[in-house]
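The values are calculated or read from the model by the stated rules, or taken from the named source; none is laboratory data. Keep in mind the model is a prediction, meaning the values are calculated, not measured. Cβ sites come from the backbone with ideal geometry, for glycine too, and all protein chains shown count toward neighbours.
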Amino acid sequence: MPRSSRFPRFILTDVDDTLTWEGLLPADTLRALYRLNDAGIGVIPITGACAGWCDQMARTWPVSAVIGENGAFVIERDGRRLRWHDTQDEATRERHRLRLSEVAGALMHEVPGLAAARDNGYRRYDLALDHAQEVEPVASADVRRALDLAHAAGVQATASSIHINLWLGDFSKRIAAARWLGTRHGMDDTARAADVVFVGDSTNDAQMFEAYPRSVGVANIRPHLPHLPRPPAEVTSAPGGFGFAEWVDRLLPC
């Protein structure tokens, strides 16, 4: 397809409740990812999801790369192989994991309802606490209190629609995306603002909405709009992956 100025070069997208919905990847979403790939538009999932889940995305989805565990690493396809770009060595990660385990235990004690996420065994950098995936949803005020407690303990923390993610280090989704687009594709701030779209669903995407003026929120972001310093430029009618597919249909009409 000939590229015009309205087509982005890359799409950065959150995963949970942005590409997925109610824990599943809709067929409409997968078709939308293939349509973008066929149009020459690179898709980069940028997510708090664990390394194991990110490895699966990079191997089986039509994407250019995956940025995982909130910016801790990038996985790129190189033919049939995957190239990992890490921000910390193994010794540092192990040292951090001990401290994160202490903080996670304290948070579960202080905030009833939180539980260790089942995917922690597949994580390389962070630890996740389940607040809405396989447990009864924890009240928003209690999730915010857990974040405050984590920050007071000197740990970076953010909440997605399902998890509270805890980590130590200076990485973030915003930093990782800018670094990867700059080093691998020569894109400066101006190029990223013009040629990259970000798609998200929650307050933990606030930095990305601020960094990328060409932004989209899927419908389930509406309750969070008052809490975003810069709301997305447009919001879809449908939620989650159905909203993502809706937006792709507008971008690439049949």
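Structural remarks
- Cβ-Cβ under 8 Å pairs, at least 6 apart or on other chains, the range 51-68 side within 17 Å of ILE11 (Cα to Cα), far side part of a loop (DSSP other than H, G, I, E, B) and hydroxyl-bearing (Ser, Thr, Tyr): CYS54/THR47; VAL66/THR47; ILE67/THR47; GLY68/THR47
- Answer from ASP17, ASP38, ASP55 - the residue that is touching a Pro at 6+ places or on another chain (Cβ under 8 Å), over 17 Å from HIS185 (Cβ atoms) and assigned by TED's automatic domain parsing to the domain that holds ALA191: ASP17
- Residues of the range 178-204 satisfying the condition of being part of a loop (DSSP other than H, G, I, E, B) and in contact with a Leu (Cβ under 8 Å, 6 or more places away or on another chain): MET187
- No other residue among LEU107, LEU129 is in contact with a strand residue (DSSP E or B) (Cβ under 7 Å, 6 or more places away or on another chain) and part of a helix (DSSP H, G or I) apart from LEU107.
- Per-region count, the range 79-105, residues exposed (fewer than 15 other Cβ atoms within 10 Å of the Cβ) and closer than 22 Å to ALA159 by Cβ: 3
- Against the test of being in contact (Cβ under 8 Å) with a residue 60 or more places away in the chain, more than 27 Å from ASP86 (Cβ to Cβ), out of contact with any Asp or Glu (no Cβ under 7 Å at 6 or more places or on another chain) and buried (at least 20 other Cβ atoms within 10 Å of the Cβ), the options VAL248, VAL196, VAL218 yield a single qualifying residue, VAL248.
- Take the conditions (1) surrounded by 14 or more Cβ atoms within 10 Å (Cβ to Cβ); (2) at negative phi; (3) not in a strand (DSSP E or B); GLY113 misses just one of them, which is (2).
- Conditions (1) surrounded by fewer than 22 Cβ atoms within 10 Å (Cβ to Cβ); (2) under 25 Å from VAL138 (Cα atoms); (3) free of Cβ contacts under 8 Å to residues at least 40 places away in the same chain: number failed by LEU168: (3)
- Every residue from the range 160-177 that is over 10 Å from ALA128 (Cβ atoms), of a type outside the set (S, T, N, Q) and not in a helix (DSSP H, G or I): LEU168, GLY169, ASP170, PHE171
- Flag for HIS163 being in contact with a His (Cβ under 9 Å, 6 or more places away or on another chain) and closer than 23 Å to ILE46 by Cβ: yes
- Given (1) outside any loop (DSSP other than H, G, I, E, B); (2) in contact (Cβ under 8 Å) with a residue 40 or more places away in the chain, number of the condition ALA141 does not satisfy: (2)
- Residues satisfying the stated conditions in the range 137-159, i.e. surrounded by fewer than 13 Cβ atoms within 10 Å (Cβ to Cβ) and touching a Leu at 6+ places or on another chain (Cβ under 7 Å): none
- Among the residues making up the range 1-29, those that are modelled with pLDDT of 95 or more and among the hydrophobic types (A, V, I, L, M, F, W, C) are PHE10, ILE11, LEU12, VAL15, LEU19, TRP21, LEU24, LEU25, ALA27.
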